[in-house]
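The values are calculated or read from the model by the stated rules, or taken from the named source; none is laboratory data. Quick caveat, the model's predicted, so the values are computed rather than measured. When we count neighbours, we look across all protein chains shown, and the Cβ atoms used for this are built from the backbone with ideal geometry, even at glycine.
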Amino acid sequence: MAEVKMTRVLRMWQVDAFTDVPYRGNPCAVFFDGGDLSGAQMQQIAQEMNLSETVFLCPPTTADADYRARIFTPRSELPFAGHPTISAAFCVWSSMRDAGFGPLPTLLRQECGAGIVPVEIATQNGTPVFTMTQMKPAFRTFDMSREDVAAMLGCDAGDLLDPALDAASTGIWWMFARCRSPEVVAALSPDMTAISALSQETGITGLAAWCVGATQDGVDVKLRGFAPAEGVPEDPVTGSANGCLAALIARDGVLGAAPVSYVAEQGVEMGRAGRIFVSCDAAEAAPRVGGHVVRVMTGDLAI
């Protein structure tokens, strides 16, 4: 077999987002110095990494941003995504810390396809927390029966609350089905083919099932997110979906009158339990979504 010539090496970190425990939360590969890669190269690398998202750090195209993040699923580039955003901010901030720069910033401005996303860095019990402010929400309604939605999720129609299907975007669109209990959410057995078909028909990333109440102590909301059309049957912890859900919760008064602030869990059924800190001042306000990030791997990729 002929030896493959290495033309360049890309530095990368793999991190787990929305957790301070290694091998929990949502893994993300973040590549430094990706500015001269083509979109096709980035997509190929994301497919090789085979994570829900892979991020490439690039120089910004505007003076309003500190860096640019290009975000890829195994199948396509996204204009925005949540756990890659705090993962990218963690890598930028931590690389500055490791290099001895100071004082370290308490705000990073990330450029992505959806616009400029500010990420604040604060300390909680001695550990940094990265909190993004997503875009102001947009909403969309669906005329689908509870029976049809239940069939997609693998549950009984009586396990769902109205509206049967809702949708919101804070930079990327998600559909939502509200369940009666954490036990219902945990037991879902979704039809990935049906969810993928609906995602492709509507142009919406995926379907999230959620409820008030959770598995872990100190958590208020439980969520599971399915995005098979993007090559991600179930996403461990989804920052974009949690931001969209915060806007819906604020709009509908599910946790009382806005402003709302709560902790959500996701990834429990996958063995990757994560915690998301969420707040939203009003239905029309940009939600804030944050969490911890932990580095689990460093390496070089030959291209």
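What's the number of the condition Arg224 fails, among (1) crowded, with 19+ Cβ neighbours inside 10 Å; (2) over 22 Å from Arg272 (Cβ atoms); (3) among the charged types (D, E, K, R)?
Of the numbered conditions (1) crowded, with 19+ Cβ neighbours inside 10 Å; (2) over 22 Å from Arg272 (Cβ atoms); (3) among the charged types (D, E, K, R), the odd one out for Arg224 is (2).
From (1) part of a loop (DSSP other than H, G, I, E, B); (2) under 24 Å from His292 (Cβ atoms), pick out the condition that doesn't hold for Leu245.
Tallying (1) part of a loop (DSSP other than H, G, I, E, B); (2) under 24 Å from His292 (Cβ atoms), Leu245 fails exactly one: (1).
For Gly231, only one of the following conditions fails: (1) of a type outside the set (Val, Ile, Thr); (2) on the phi > 0 side of the Ramachandran plot; (3) without any contact (Cβ under 8 Å) to a residue 40 or more places away in the chain. What is its number?
Of the numbered conditions (1) of a type outside the set (Val, Ile, Thr); (2) on the phi > 0 side of the Ramachandran plot; (3) without any contact (Cβ under 8 Å) to a residue 40 or more places away in the chain, the odd one out for Gly231 is (3).
For Ile116, which of the numbered conditions (1) within 19 Å of Thr202 (Cα to Cα); (2) in a strand (DSSP E or B); (3) touching an Asp or Glu at 6+ places or on another chain (Cβ under 8 Å) fails to hold?
(1)
All but one of (1) in contact with a Gly (Cβ under 7 Å, 6 or more places away or on another chain); (2) of a type in the set (A, V, I, L, M, F, W, C); (3) modelled with pLDDT under 95 hold for Phe80; which doesn't?
Of (1) in contact with a Gly (Cβ under 7 Å, 6 or more places away or on another chain); (2) of a type in the set (A, V, I, L, M, F, W, C); (3) modelled with pLDDT under 95, only one is false for Phe80: (3).
From Val289, Val263, which residue is β-branched (Val, Ile, Thr), surrounded by fewer than 24 Cβ atoms within 10 Å (Cβ to Cβ), in a strand (DSSP E or B) and out of contact with any Pro (no Cβ under 6 Å at 6 or more places or on another chain)?
On the way: Val289 fails: surrounded by fewer than 24 Cβ atoms within 10 Å (Cβ to Cβ).
Val263 is the lone residue from the list that is β-branched (Val, Ile, Thr), surrounded by fewer than 24 Cβ atoms within 10 Å (Cβ to Cβ), in a strand (DSSP E or B) and out of contact with any Pro (no Cβ under 6 Å at 6 or more places or on another chain).
It is to be established whether one or more residues within segment 38-58 are closer than 22 Å to Ala286 by Cα, part of a loop (DSSP other than H, G, I, E, B) and not assigned by TED's automatic domain parsing to the domain that holds Gly274. Break it down into steps so the answer makes sense when it comes.
Restricting attention to segment 38-58, the residues satisfying the condition of being closer than 22 Å to Ala286 by Cα are none.
No, segment 38-58 has no match at all.
Going by what's in this entry, would Val30 be described as of a type in the set (A, V, I, L, M, F, W, C) and part of a loop (DSSP other than H, G, I, E, B)? Outline the logic, then answer.
Numbers: of a type in the set (A, V, I, L, M, F, W, C): yes; part of a loop (DSSP other than H, G, I, E, B): no.
It is false that Val30 is of a type in the set (A, V, I, L, M, F, W, C) and part of a loop (DSSP other than H, G, I, E, B).
Among the residues of segment 183-191, is any of a type in the set (Gly, Ala, Ser), part of a strand (DSSP E or B) and modelled with pLDDT of 95 or more? Even if it seems obvious, please write down each step before you answer.
Our first condition is that a residue be of a type in the set (Gly, Ala, Ser); within segment 183-191, this holds for 186-187, 189.
The next check asks that each one be part of a strand (DSSP E or B); those that pass are none.
There is no residue in segment 183-191 that is of a type in the set (Gly, Ala, Ser), part of a strand (DSSP E or B) and modelled with pLDDT of 95 or more.
Can you confirm whether segment 277-293 contains a residue that is touching a Phe, Trp or Tyr at 6+ places or on another chain (Cβ under 9 Å), farther than 15 Å from Arg24 by Cα, among the polar types (S, T, N, Q) and at pLDDT 95 or above? So that I can check it myself, show each step before the final result.
Residues of segment 277-293 touching a Phe, Trp or Tyr at 6+ places or on another chain (Cβ under 9 Å): 277-279, 283, 288-293.
Filter once more, keeping what is farther than 15 Å from Arg24 by Cα: 277-279, 283, 288-290.
Remaining after also requiring among the polar types (S, T, N, Q): 279.
If we keep only those that are at pLDDT 95 or above as well, we get 279.
Taking every residue of segment 277-293 in turn, at least one turns out to be touching a Phe, Trp or Tyr at 6+ places or on another chain (Cβ under 9 Å), farther than 15 Å from Arg24 by Cα, among the polar types (S, T, N, Q) and at pLDDT 95 or above.
Any chance you could count how many residues in segment 89-121 are under 19 Å from the mean Cα position of the chain (by Cα) and acidic (Asp, Glu)?
Residues that pass the stated criteria total 2.
Considering only segment 123-136, I want to know if a residue exists there that is part of a strand (DSSP E or B), within 20 Å of Phe80 (Cα to Cα), within 23 Å of the chain's Cα centre (by Cα) and of a type in the set (Lys, Arg).
The first filter runs over segment 123-136 and keeps only residues part of a strand (DSSP E or B), leaving 123-124, 127-133.
Retained after the next criterion (residues that are within 20 Å of Phe80 (Cα to Cα)): 129-133.
Applying the additional criterion that residues be within 23 Å of the chain's Cα centre (by Cα) yields 129-133.
Retained after the next criterion (residues that are of a type in the set (Lys, Arg)): none.
Within segment 123-136, none of the residues are part of a strand (DSSP E or B), within 20 Å of Phe80 (Cα to Cα), within 23 Å of the chain's Cα centre (by Cα) and of a type in the set (Lys, Arg).
Would you pick out the residues in segment 78-113 that are under 19 Å from Ile204 (Cβ atoms) and surrounded by fewer than 17 Cβ atoms within 10 Å (Cβ to Cβ)?
Pro79, Gly113
Tell me whether segment 144-161 contains one or more residues that are surrounded by 14 or more Cβ atoms within 10 Å (Cβ to Cβ), basic (Lys, Arg) and not in a strand (DSSP E or B).
yes
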